[in-house]
Amino acid sequence: MTELFFLPSWPPAAEAIPWYALLLLVAAIAGELARRWLRLPRLLGWIAAGLVLGPHVTGLLDVQALAGMRGMLDGALGFVLFQLGQRVDLGWLRRNPWLLATSVLESALAFAGMFVMLLLLDVRPLLAALAAAIGIATGPAVVLSLTRELRAQGQVTERMLLLTSLNCVYAFVAVSMLLAWLHQEYSEQWFSIVGHPLYLIFGSLLLALAFALVTLGLLALLGRREDAQFVSVVALVVAAIYAASMLKLSGVLVLLGYGVMARAFDARRRFASLAFGRLGQILFMLLFAITAATLDLRLLPAGALAGAALVAARYAGKALGVFALAPVSGLSVRKASLLSLGLMPMSGVALVLMHDTTALFPGLGPQLASVVVSAIVMLELLGPAVAYFALVRAGEADEPGGT
């Protein structure tokens, strides 16, 4: 023991540094600067903070530090997906089935457009199909964060939330079904080819159903006390995230399905007005900042052409789908144009789907990332600004500048 044993060691170990706190502080400051000085949504400041602190700009957050944050990324995305699921009104789909038709059509046309465009750029069919399937998903965190900041309500806002939740489901199902193709190419084990996609889809839905039923049963005992409901639901959402990971199921489908089913089966309206408040704000900030920090900007030049083609084809497909059924679904042409812009963001869910796929098939990783990451980087920056513009121009923002 030295004479100065009571002094702290220097430099401190990397794992001892509270990176979450640093990232959160910088993101909060950047968000306020973006809002007050640039009159832009705060989430663009959070994204900028993640990019600047990440390994490909300043390197303050290295790959090891970001790997330690993967659990926080999954947790934050899980809460976002649960909140989004809670906003889905299945009764609305029953009353207006053209909304469901719109979601199917815009997702299918977006997939077809991206797939064909990538084939024209000499991307091999399997890779093109995977990138197109991942590209179906609209960024749920972007949509929820903007509607929260703008306190937006109205026809465009509600349709944006509904279509976002549905096309996230379609993206997951499409990627899961393509796993059969991947297993056939890489392993040729017939049990994996058939069993793995079915396990992911139906296992995730069953787990979501189980958590929804447990939640409603617990709320029946707790009553409508908001504080007790809040703590219980937060604990159950965390448990659902852990259970999905432990069972190797899809956190995307489990948490989104959990939120949808908890609302759909709540016939007695046991849920009080559940708002995540400041906790939700913190999770949004961490989600955007960590997602931005994990983006490998070195892939952007190599995949810029394919990424730009993916973005253009994706928007064209979604816009065509929305416009085609706008008259029969009760939407004006002007609002259809704004809704199609609101579906442009793509970030967290797409990144998780890409990471999960490449974790199963590492050999596919560099090729898939070179296409998908380029598109995500473009839409990570462009998508929020475009969706913000759409909500404000729709006249559904309570305050055009947000709060």
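Considering (1) modelled with pLDDT under 90; (2) open to solvent by 20 Å² or more (accessible area, probe 1.4 Å); (3) on the phi < 0 side of the Ramachandran plot, say which one residue 269 fails and leave the rest.
All conditions pass for residue 269, except number (3).
Return the total of residues in the stretch 303-325 being farther than 20 Å from residue 123 by Cα and either open to solvent by less than 20 Å² (accessible area, probe 1.4 Å) or not in a helix (DSSP H, G or I) (or both).
Summing the residues that are farther than 20 Å from residue 123 by Cα and either open to solvent by less than 20 Å² (accessible area, probe 1.4 Å) or not in a helix (DSSP H, G or I) (or both) in the stretch 303-325 gives 4.
Would you be able to tell me the number of residues in the stretch 387-403 that are surrounded by fewer than 18 Cβ atoms within 10 Å (Cβ to Cβ) and either within 21 Å of residue 337 (Cβ to Cβ) or at pLDDT 80 or above (or both)?
Residues of the stretch 387-403 that are surrounded by fewer than 18 Cβ atoms within 10 Å (Cβ to Cβ), as a first pass: 389, 393, 395, 398-401, 403.
Add one more test, that the residue is either within 21 Å of residue 337 (Cβ to Cβ) or at pLDDT 80 or above (or both), and what stays is 389, 393, 395, 400.
Looking only at that region, the number is 4.
Kindly provide the set of residues from the stretch 333-348 that are part of a helix (DSSP H, G or I), modelled with pLDDT of 85 or more and either within 21 Å of residue 78 (Cβ to Cβ) or among the hydrophobic types (A, V, I, L, M, F, W, C) (or both), ordered by number.
Result: 333, 336, 338, 339, 341.
How many residues are open to solvent by 60 Å² or more (accessible area, probe 1.4 Å), assigned to a helix (DSSP H, G or I) and either of a type in the set (D, E, K, R) or in contact with a Gly (Cβ under 7 Å, 6 or more places away or on another chain) (or both) if we restrict to the stretch 85-110?
Looking only at that region, the number is 2.
List, please: which pairs have Cβ atoms under 9 Å, are six or more places apart or on different chains, and start with a residue in the stretch 316-327 that is β-branched (Val, Ile, Thr) and end with one that is open to solvent by 30 Å² or more (accessible area, probe 1.4 Å)?
Sorted first by the residue in the stretch 316-327, then by its partner, the pairs are 322/105; 322/337.
Would you pick out the residues in the stretch 46-67 that are free of Cβ contacts under 8 Å to residues at least 60 places away in the same chain, in a helix (DSSP H, G or I) and farther than 20 Å from residue 350 by Cα?
52, 64, 65 - these are the residues of the stretch 46-67 that are free of Cβ contacts under 8 Å to residues at least 60 places away in the same chain, in a helix (DSSP H, G or I) and farther than 20 Å from residue 350 by Cα.
Pick out the one residue from 187, 250 that is closer than 26 Å to residue 126 by Cα, modelled with pLDDT under 90 and within 20 Å of the chain's Cα centre (by Cα).
After ruling out the rest, the residue left standing is 250.
Could you say which residue among 377, 352 is assigned to a helix (DSSP H, G or I), among the β-branched types (Val, Ile, Thr), within 28 Å of residue 37 (Cα to Cα) and open to solvent by 10 Å² or more (accessible area, probe 1.4 Å)?
One residue alone meets the criteria, 377.
Determine whether the stretch 328-337 contains at least one residue that is open to solvent by 60 Å² or more (accessible area, probe 1.4 Å), over 23 Å from residue 48 (Cβ atoms) and of a type in the set (Lys, Arg).
yes
Would you confirm whether any residue within the stretch 276-290 is surrounded by 15 or more Cβ atoms within 10 Å (Cβ to Cβ), modelled with pLDDT of 85 or more and over 19 Å from residue 148 (Cβ atoms)?
Within the stretch 276-290, not a single residue is surrounded by 15 or more Cβ atoms within 10 Å (Cβ to Cβ), modelled with pLDDT of 85 or more and over 19 Å from residue 148 (Cβ atoms).
Here are 241, 193, 201, 134: which of them is in contact (Cβ under 8 Å) with a residue 24 or more places away in the chain and more than 25 Å from residue 99 (Cα to Cα)?
Unique residue meeting the criteria: 241.
Output yes when any residue across the stretch 261-268 is aromatic (Phe, Trp, Tyr) and more than 25 Å from residue 174 (Cβ to Cβ), and no when none is.
yes
How many residues does the stretch 77-110 hold that are modelled with pLDDT of 85 or more, over 28 Å from residue 129 (Cα atoms) and either within 18 Å of the chain's Cα centre (by Cα) or acidic (Asp, Glu) (or both)?
Residues meeting the conditions: 2.
For the stretch 291-302, give me each residue that is crowded, with 20+ Cβ neighbours inside 10 Å and either in a loop (DSSP other than H, G, I, E, B) or not aliphatic (A, V, I, L, M) (or both).
291, 294, 295
Does residue 364 satisfy the condition of being in a helix (DSSP H, G or I), farther than 19 Å from residue 108 by Cα and either touching a residue at least 60 places away in the same chain (Cβ under 8 Å) or open to solvent by 60 Å² or more (accessible area, probe 1.4 Å) (or both)? So that I can check it myself, show each step before the final result.
Numbers: in a helix (DSSP H, G or I): yes; farther than 19 Å from residue 108 by Cα: yes; either touching a residue at least 60 places away in the same chain (Cβ under 8 Å) or open to solvent by 60 Å² or more (accessible area, probe 1.4 Å) (or both): yes.
For residue 364, the condition - in a helix (DSSP H, G or I), farther than 19 Å from residue 108 by Cα and either touching a residue at least 60 places away in the same chain (Cβ under 8 Å) or open to solvent by 60 Å² or more (accessible area, probe 1.4 Å) (or both) - is met.
The values are calculated or read from the model by the stated rules, or taken from the named source; none is laboratory data. It should be emphasised that the depicted structure is a prediction, and the values quoted were computed from it without experimental measurement. Reconstructed Cβ throughout: ideal geometry from the backbone, glycine too, with neighbour counts over all protein chains shown. Quick note on the areas: whole protein, heavy atoms, side chains included, nothing else; ligands and nucleic acids left out. Shrake-Rupley method; radii C 1.70, N 1.55, O 1.52, S 1.80 Å.
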